[in-house]
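K.L.:
So that we are looking at the same thing, I have put the structure below in structure tokens.
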Amino acid sequence: MLWFRFRYALHVNEESFPLKRTLWIVVLAAGAAAFVPLAAGAQVPEAAPPVAPSYKYSVYGGFAYTSLNQLNLSRHGLLGGKVTVTRDWGKYFALMASGDYYKPSAGSLPANPGDPSVYSFLAGPEVHANIYGPVDALFFVELGLEHTGGEQMNPSTSFAGGFGGGALYHLNSRWAIEVTGDRVGASFSLANNSSQLGYSSHRTWDPRATIGAVFRF
């Protein structure tokens, strides 16, 4: 009888051991499954890289210089300022319109005869492209009107046009430094021309240069 009870207890223990082991595996698996969502939720998602804003308009303002080849006996060019508004159309093409004014002499006295001044309003297409890193190149063609005052020219306003180019150095997404140069041709009559000879047969080309800041919006 004792032998039978011992065999029965041994048999029950042998069967319960695999059951207990299986039960522990199930409990551990359930616990791991419960912690997986918590660990996933605690992870901070990586931030998407910032997208550079795309601005369609820009305004340029800066110091400017122009020569005075249309004036007789001119010795020095003039200093002034220039403002340009540009509308971008795509990645490479833009339309620009500019106005400038020049009055102070760029040289020492005695300077130019009379009291000359020049202003112009020009507009035209522009092509620009990136050269390297923050540096862009630009090329443009311009047409419009130019006025020369203080020299008794008749007429004092002429159709004008030219071409030029330059470079931009981008400081950030909105601001840049721009340097440009161009050549503008116009046909003014000789100084002190009479009203009976009010034609513009004296064609000249003036090199100009500017440096200033660009703001995009």
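K.L.:
Out of the residues in the range 134-188 that are hydroxyl-bearing (Ser, Thr, Tyr) and in a strand (DSSP E or B), state the one that is nearest to the chain's Cα centre (by Cα). Please lay out each step first, then the result.
P.N.:
As a first pass, look at the range 134-188 and keep what is hydroxyl-bearing (Ser, Thr, Tyr): 148, 156-158, 169, 173, 180, 187.
Then keep just the ones that are in a strand (DSSP E or B); that gives 148, 157-158, 169, 180, 187.
Values: THR148: 32, THR157: 33, SER158: 32, TYR169: 8, THR180: 14, SER187: 34 Å.
Looking at the filtered set, the residue picked out is TYR169.
K.L.:
Taking the condition among the small types (Gly, Ala, Ser), assigned to a strand (DSSP E or B), in contact with a strand residue (DSSP E or B) (Cβ under 6 Å, 6 or more places away or on another chain) and at pLDDT below 95, does SER200 pass?
P.N.:
For SER200, the condition - among the small types (Gly, Ala, Ser), assigned to a strand (DSSP E or B), in contact with a strand residue (DSSP E or B) (Cβ under 6 Å, 6 or more places away or on another chain) and at pLDDT below 95 - is not met.
K.L.:
Can I ask one more? Test PHE140 against the criterion of being among the aromatic types (Phe, Trp, Tyr) and surrounded by 17 or more Cβ atoms within 10 Å (Cβ to Cβ), and give yes or no. Before the answer, list the steps.
P.N.:
Numbers: among the aromatic types (Phe, Trp, Tyr): yes; surrounded by 17 or more Cβ atoms within 10 Å (Cβ to Cβ): yes.
Answer is yes for this residue.
The values are calculated or read from the model by the stated rules, or taken from the named source; none is laboratory data. In this text, all values refer to a predicted model and were calculated from it rather than measured experimentally. Because the Cβ atoms are built from the backbone with ideal geometry, glycine has one as well, and the counts that use them run over all protein chains shown.
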